[in-house]
Amino acid sequence: MIRLNIRAGILFALTACCAFGAPLKDAEWQKYFEGEVARIETESFRGIESKADWERERPRLKRELRGMLGLDPMPERGDLRAQVTGKFAREGIVVEKLHFQSSPGLYVTGNLYRPEKVTARLPAILYLCGHGQVKSNGVSFGNKVAYQHHGAWFARNGYVCLTIDTIQLGEIEGLHHGTHREGMWWWNSRGYTPAGVEAWNSMRALDYLETRPEVDKTRMGVTGRSGGGAYSWWIAALDERVKVAAPVAGITDLHDHVVDGVVEGHCDCMYFVNTYRWDYPMVAALVAPRPLLICNSDKDTIFPLDGVVRTHGAAATVYGWLGAETNLGLLITEGPHKDTQDLQVPVFRWFNRHLKGEDRLIEMAATKLFTPEELRVFEKVPADEITSKIHETFVPSAKRNGEMTKDKLRGLLLEKTFAGWPNKPVPLRIERKQFSSEWDEVAFDSQENVRLKMYVKRSGGTPRDFELFVTSTETDAAGLKDIDGDAVLIVRGGADADSKNRAAVQTRRRYMLVGQTLDGMRIWDILRGVELLKSFSEKSARISVRGEGKQAANVLMAAVMSTEPIQVAGADIPSAKQSDTPDYLNFLKLTTWEELRSLVSKAESK
């Protein structure tokens, strides 16, 4: 088993996605996520200990990665409708300005660099951009402009290089920050991540390169840095047409992202929806046995070196099983998160060695030759573009299925939505004490590192039935007097966990990285709360559960996920536009709120 826990004219900027992160200040939250990451590290490569194991599991792992990127099923590979909008030559390099549609209306803009004289088919490089904003007077020239020097170098040295824009900061400006700053938590429910769009666009870029008469399609490689480094990982792991890869500053492990807070320095394009609770070294391993150079600088605060080294170590084990140790390299240079020549030159040598069979010294460093205006593809953004709103349609939402049963839906949700629930419940460890003249306070363990409170109305005997009210807001004795019910459960997080302040947002984002959501784990809390009440009552007792706002929807979901009957009191179907709608991983591509309510109603009527 692999062990992962080795411990003013033109605005131009190469940027990280946002501010740097740090461990959580709340000690209980921090302990919780440390525990979840440790569990994933232990389970990530469980049962894979040899070449035979790896070759058996690899197809499943690739399928899971496609699913977590919103690419299972894969979108239809239609006509690219590629067009070249301009061409010019300079210093022996020809640059073509082009666009294609990876799906109808999903425009991808790019620049293709090649030598001016081509006498035979050449190796090709797909260069994927990070977040490099180049904008003037409200016009975006695309981040491909910021990375033009890479394409120029490849063309000077006998390659065809296609550099494509991302949907964020491209000529057609889309969105990478749905959960990070836009409050679009429904992205989790839809199973959507912009990483999936970038992976799809990259695959289609390879399709385009295969149509070019200058390209030897048996010799294609991929590279990019920062966000482009991340997209290099997706395409190299998923598409065997990539023969050589050199991602730069684009990966670190889950410990860095979640425990050390690196997630706070990244937008959503860095992450798949972690349905199957992967650690990122699994992505690196999927490139094996093809040549892979992992590149990073030693003072990069959003791709810390310790996690990069751990990722390389896990990949090295798989490369060793496959007898391909010499195809894996680790490049570490001095410096911050920056596009330096110290990083560029070894990357160029890596491609020369593995795509051209050369190992010569690099004689010319990468330089910028063109103005942003020269590299602009569109004079006007196409009216039929869907790139700017692709997050609304890229992963189709489910339609109501008349054959769906409660048991079938529960099975789907356990696999695709609540796989991050504990493998088995921990003991409740109940502590009960008097809280007021009418109420007792009961502390109990919902799961490891999560201790919750419930207030239970005092009674002279053993109550036969209970009505449980669910809330995320702590209460006092005065507040309890207004509760119409026998018990009040305070689910995890508190009221502040649903706010829009930075700390709350970044805590919620950590949940998705460990294959959960905050509200998905609140369902677990509700089920544990019901279990607690049953321990206080007769076996034939009936439990009725209700909540308000978001917690009403969570109660509805708890009724579906419970293997024993739970009566739901007043749970309305939430609207997708309501701010209090909870998010559950992949939920909206499996079923609808209407179907959920219908299944609960059918169960209650029996």
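The values are calculated or read from the model by the stated rules, or taken from the named source; none is laboratory data. As the structure is a prediction and not an experimental result, all values here were calculated from the model. Backbone-built Cβ (ideal geometry, glycine too); neighbour counts: all protein chains shown. Heavy atoms of the whole protein, side chains included, go into the accessibility calculation; ligands, DNA and RNA do not. Shrake-Rupley method; radii C 1.70, N 1.55, O 1.52, S 1.80 Å.
Check Asp268, Asp207, Asp279, Asp256 and return the single one that is surrounded by fewer than 24 Cβ atoms within 10 Å (Cβ to Cβ) and of a type in the set (D, E, K, R). Outline the logic, then answer.
Numbers: Asp268 fails: surrounded by fewer than 24 Cβ atoms within 10 Å (Cβ to Cβ); Asp279 fails: surrounded by fewer than 24 Cβ atoms within 10 Å (Cβ to Cβ); Asp256 fails: surrounded by fewer than 24 Cβ atoms within 10 Å (Cβ to Cβ).
Exactly one residue qualifies, and that residue is Asp207.
If I ask for residues that are under 35 Å from the mean Cα position of the chain (by Cα), in a helix (DSSP H, G or I) and not aliphatic (A, V, I, L, M), which ones from segment 514-573 would you list?
Once the filter is applied, which keeps residues that are under 35 Å from the mean Cα position of the chain (by Cα), in a helix (DSSP H, G or I) and not aliphatic (A, V, I, L, M), segment 514-573 yields Asp519, Gly520, Arg522, Trp524, Asp525, Arg528, Gly529, Glu531, Lys550, Gln551, Asn554.
Please work out which residue is most open to solvent (accessible area, probe 1.4 Å), limiting yourself to segment 482-524 and to residues that are more than 19 Å from Ala558 (Cβ to Cβ) and among the hydroxyl-bearing types (Ser, Thr, Tyr).
Residue satisfying both the conditions and the ranking: Ser499.
Looking at Val308, Val287, which one is open to solvent by less than 10 Å² (accessible area, probe 1.4 Å) and not in a loop (DSSP other than H, G, I, E, B)?
Val308
So which of Lys380, Lys453, Lys424, Lys433 is within 31 Å of the chain's Cα centre (by Cα) and surrounded by fewer than 18 Cβ atoms within 10 Å (Cβ to Cβ)?
Checking each option against the conditions leaves just Lys424.
How many residues are farther than 19 Å from Thr218 by Cβ and among the basic types (Lys, Arg) if we restrict to segment 97-121?
Looking only at that region, the number is 2.
Would you mind finding the one in Phe444, Phe469 that is touching a strand residue (DSSP E or B) at 6+ places or on another chain (Cβ under 8 Å) and open to solvent by 10 Å² or more (accessible area, probe 1.4 Å)?
On the way: Phe444 fails: open to solvent by 10 Å² or more (accessible area, probe 1.4 Å).
Of Phe444, Phe469, the one residue that is touching a strand residue (DSSP E or B) at 6+ places or on another chain (Cβ under 8 Å) and open to solvent by 10 Å² or more (accessible area, probe 1.4 Å) is Phe469.
Within segment 410-421, take every residue that is under 25 Å from Arg510 (Cβ atoms) and of a type in the set (Gly, Ala, Ser) and give me the one that is most open to solvent (accessible area, probe 1.4 Å).
The selected residue is Ala419.
Give the residues of segment 384-409 that are over 28 Å from Pro194 (Cβ atoms), modelled with pLDDT of 90 or more, open to solvent by 40 Å² or more (accessible area, probe 1.4 Å) and not in a helix (DSSP H, G or I), sorted by residue number.
Thr405
Please verify whether segment 267-278 includes one or more residues that are at pLDDT 95 or above, more than 23 Å from Gly178 (Cβ to Cβ), assigned to a loop (DSSP other than H, G, I, E, B) and of a type outside the set (A, V, I, L, M).
No: segment 267-278 contains no residue that is at pLDDT 95 or above, more than 23 Å from Gly178 (Cβ to Cβ), assigned to a loop (DSSP other than H, G, I, E, B) and of a type outside the set (A, V, I, L, M).
Does Arg204 qualify as being under 30 Å from His354 (Cβ atoms), under 24 Å from the mean Cα position of the chain (by Cα) and basic (Lys, Arg)?
Answer is yes for this residue.
Filter segment 84-115 down to residues that are assigned to a loop (DSSP other than H, G, I, E, B) and either open to solvent by less than 10 Å² (accessible area, probe 1.4 Å) or in contact with a strand residue (DSSP E or B) (Cβ under 6 Å, 6 or more places away or on another chain) (or both), then give me how many there are.
If we filter segment 84-115 for residues that are assigned to a loop (DSSP other than H, G, I, E, B), which is where we start, we get 91-92, 104-105.
Imposing the further condition that a residue be either open to solvent by less than 10 Å² (accessible area, probe 1.4 Å) or in contact with a strand residue (DSSP E or B) (Cβ under 6 Å, 6 or more places away or on another chain) (or both) reduces the set to 105.
The number of residues fulfilling the criteria is 1.
Does segment 350-361 include one or more residues that are modelled with pLDDT under 95, touching a helix residue (DSSP H, G or I) at 6+ places or on another chain (Cβ under 9 Å) and open to solvent by less than 80 Å² (accessible area, probe 1.4 Å)?
Yes, because at least one residue in segment 350-361 is modelled with pLDDT under 95, touching a helix residue (DSSP H, G or I) at 6+ places or on another chain (Cβ under 9 Å) and open to solvent by less than 80 Å² (accessible area, probe 1.4 Å).
If you scan segment 322-346, which residues turn out to be surrounded by fewer than 20 Cβ atoms within 10 Å (Cβ to Cβ), out of contact with any His (no Cβ under 9 Å at 6 or more places or on another chain) and assigned to a helix (DSSP H, G or I)?
Correct list: Glu325, Thr326, Gln341, Asp342, Val345, Pro346.
What are the residues in segment 198-254 that are part of a helix (DSSP H, G or I), closer than 18 Å to Gly174 by Cβ and of a type outside the set (A, V, I, L, M, F, W, C), if any?
Matches in segment 198-254: Glu198, Asn201, Ser202, Arg204, Gly227, Gly228, Tyr231.
Every residue, every condition in (1) at negative phi; (2) small (Gly, Ala, Ser), yes or no:
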{"site": "Cys161", "(1), (2)": "yes, no"}
{"site": "Thr166", "(1), (2)": "yes, no"}
{"site": "Leu169", "(1), (2)": "no, no"}
{"site": "Gly178", "(1), (2)": "yes, yes"}
{"site": "Thr193", "(1), (2)": "yes, no"}
{"site": "Tyr208", "(1), (2)": "yes, no"}
{"site": "Thr211", "(1), (2)": "yes, no"}
{"site": "Arg225", "(1), (2)": "yes, no"}
